[in-house]
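Down below is the structure, laid out as structure tokens.
The values are calculated or read from the model by the stated rules, or taken from the named source; none is laboratory data. Since this is a predicted model, take the numbers as computed values, not measurements. Positions of Cβ are generated from backbone atoms using ideal geometry, with glycine treated the same way; all protein chains shown enter the neighbour counts. When the accessible area is computed, the model is the full protein with side chains, heavy atoms only, and any ligands, DNA or RNA have been set aside. Shrake-Rupley method; radii C 1.70, N 1.55, O 1.52, S 1.80 Å.
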Amino acid sequence: MPPRSTRPVDKFDDDDYPAYTMGRAAEMLGTTPAFLRALGEHRLITPLRSEGGHRRYSRYQLRIAARARELVDAGTQIEAACRIIILEDQLEEAQRINEELRTRGATS
């Protein structure tokens, strides 16, 4: 999932700032680094890399990973969980665009 477009001025307020190492991200989610790697393999999240090549995760990516974990914990296979989240995101975007077009049409 791509980062959102609006950027806060301060890194501490930026949901897209890659602040968390893989180990810390896994700890925060109560999962394993392998789970996070699997989400990357299924192209749900693509962590940025530090200069040393280590994966770094943003808060936004951690929220997506947490949603994936919810689905997997409920018995959904990881591939299906990733696809569900991608489709949910696409639906949300389509609904946002639809509402924007409706609003524009009503004011014209």
**Q.** Inter-site label distance for Ala106 and Phe12 at 7 Å from Cα along Cβ, in nm
**A.** 3.9
Q. Using the heavy atoms of the protein chains alone and a 1.4 angstrom probe, what is the accessible area of the chain per residue in square angstrom?
A. 68
Q. Can you tell me the Rg and Dmax of the chain, counting just the alpha carbons, in angstroms?
A. 16.1, 53
Q.
Tell me the relative contact order for the chain as a rounded percent, counting alpha carbon contacts under 8 Å between residues six or more apart.
A. 25
**Q.** Protein accessible area in the chain, 1.4 Å probe - carbon and sulfur %
**A.** 52
Q: Could you size up the charge dipole of the chain around its Cα centre, putting +1 on the beta carbon of Lys and Arg and -1 on that of Asp and Glu, and report it in debye to the nearest 20?
A: 200
(Q) Please compute the length gained on full extension between Glu41 and His54, using 0.36 nm multiplied by the number of residues separating them and subtracting their Cα-Cα distance. (A) 3.1 nm
**Q.** Sequence ranges 21-27, 55-61, ranked by mean other-Cβ count within 10 angstrom, highest first
**A.** 55-61, 21-27
Q: Using R₀ = 22 Å, calculate the FRET efficiency as 1/(1 + (r/R₀)^6) where r is the Cβ-Cβ separation of Asn98 and Glu70; round to 0.05.
A: 0.25
